[in-house]
Amino acid sequence: MNDEYSDLSQEMFHLMQTMRRMSLVKMKSQHGIHHGQGHVLGMLMKHNDVAQKELAQWLNIRPASLTDLLEKLERDQLIVRSRDQNDRRVVRVSITEKGQQIVRQNIQVRREIEATMFGSLSGSEIQTMTTILQKMSQSLQQQIKKAGDGQ
C-alpha cells in the first residue's frame, strides 16, 4: 500500500508541476514575466494599494527581494509605488491597469490549461476526483491541527 501511496503522490506532484510549468512558459513568452513577478501581480490584484513591507510578508519573501521584483514591474508600468500620505516612510504598491490586464490574461491561460487537463474527464469523474481531493485535503488539515499549527 505504501508503494501505491508513493506512486499516487508522485503523480499528483508531477501533474501540478506540469500545470505550473505550462502557465509559467506562457506567461514568460507572452508578457516576459516570470513566476515571482506574476505572484506579486496576483497578490496586488487581490489586495491593491498595500504597504510594501506588508506585501513582502504576505509573499513570504525578504523585503530586498521584493524591491528587486517591484523595480522591474515598475519599469514595465505594471505597478506604481508611492509614499503613504499619512506616513511618508511607508511605500505603498498598486497594480496598474496594464498589470491587471496581464493578470486577467493569465487567468484565461490557466482556464485553457484546466480545460485541456480536465476536458477528457466526464462530469462524474470530475465530481469523484473533487470529492477525493477534498478528503485528502481535510486529512492533511487535521494533521496540521494535531501538530499544533492550527492553520
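Bear in mind these aren't lab numbers, they're just calculated from the coordinates by the rules spelled out. All of these numbers come straight from a predicted model, not from anything done at the bench. Reconstructed Cβ throughout: ideal geometry from the backbone, glycine too, with neighbour counts over all protein chains shown.
Overview of values
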{"quantity": "The range 40-84: Rg to Rh, with Rh as the Kirkwood radius over Cα pairs", "calculated": "0.91"}
{"quantity": "Interchain or long-range residues, amide H under 5 Å from Arg92's placed H", "calculated": "Gln52, Ser82, Arg83, Asp84"}
{"quantity": "Rh by Kirkwood over Cα pairs, then Stokes-Einstein D for the range 1-136 at 1.306 mPa s and 10 °C, µm²/s", "calculated": "92 µm²/s"}
{"quantity": "Sorted by Cβ density within 10 Å, fewest first, the residues Arg104, Arg92", "calculated": "Arg104, Arg92"}
{"quantity": "Lysine pairs within the chain, Cα separation less than 21 Å, 8 or more sequence positions apart or different chains", "calculated": "10"}
{"quantity": "Student exercise, the chain dipole from Lys, Arg, Asp, Glu Cβ charges, in Debye to nearest 20", "calculated": "620 debye"}
{"quantity": "Separation between Cα centres of the range 90-151 and the range 1-77, rounded to whole Å", "calculated": "13 Å"}
{"quantity": "Residue-averaged 222 nm ellipticity for the chain, from DSSP H runs of 4+ at -39500 (n - 2.57), nearest 500", "calculated": "-24500 deg cm²/dmol"}
{"quantity": "Percent of C-alpha pairs per 5 Å bin, the range 45-112, short to long", "calculated": "3, 17, 23, 25, 18, 8, 3, 1, 0"}
{"quantity": "The range 11-29 residues near the modelled Met117 label - backbone nitrogen below 17 Å, point 7 Å along Cα→Cβ", "calculated": "11-28"}
{"quantity": "Förster-model FRET efficiency, 30 Å R0, Ile126 and Asp7, C-beta, rounded to 0.05", "calculated": "0.85"}
{"quantity": "R0 of 22 Å, Cβ-Cβ distance Ile107-Lys145: FRET efficiency to nearest 0.05", "calculated": "0.10"}
{"quantity": "Taking His47, His31, His14 and counting other C-beta atoms within 10 Å, the order from fewest to most", "calculated": "His14, His47, His31"}
{"quantity": "Cα-projected label distance for Gln30 with Gln100, points at 7 Å along beta-carbon direction, nm", "calculated": "1.8 nm"}
{"quantity": "The range 16-146: relative contact order as a whole-number percent, Cα under 8 Å and 6+ apart", "calculated": "24 percent"}
{"quantity": "Extension gain (nm, one decimal) between Ser137 and Gln85, 0.36 nm per residue minus Cα-Cα", "calculated": "14.4 nm"}
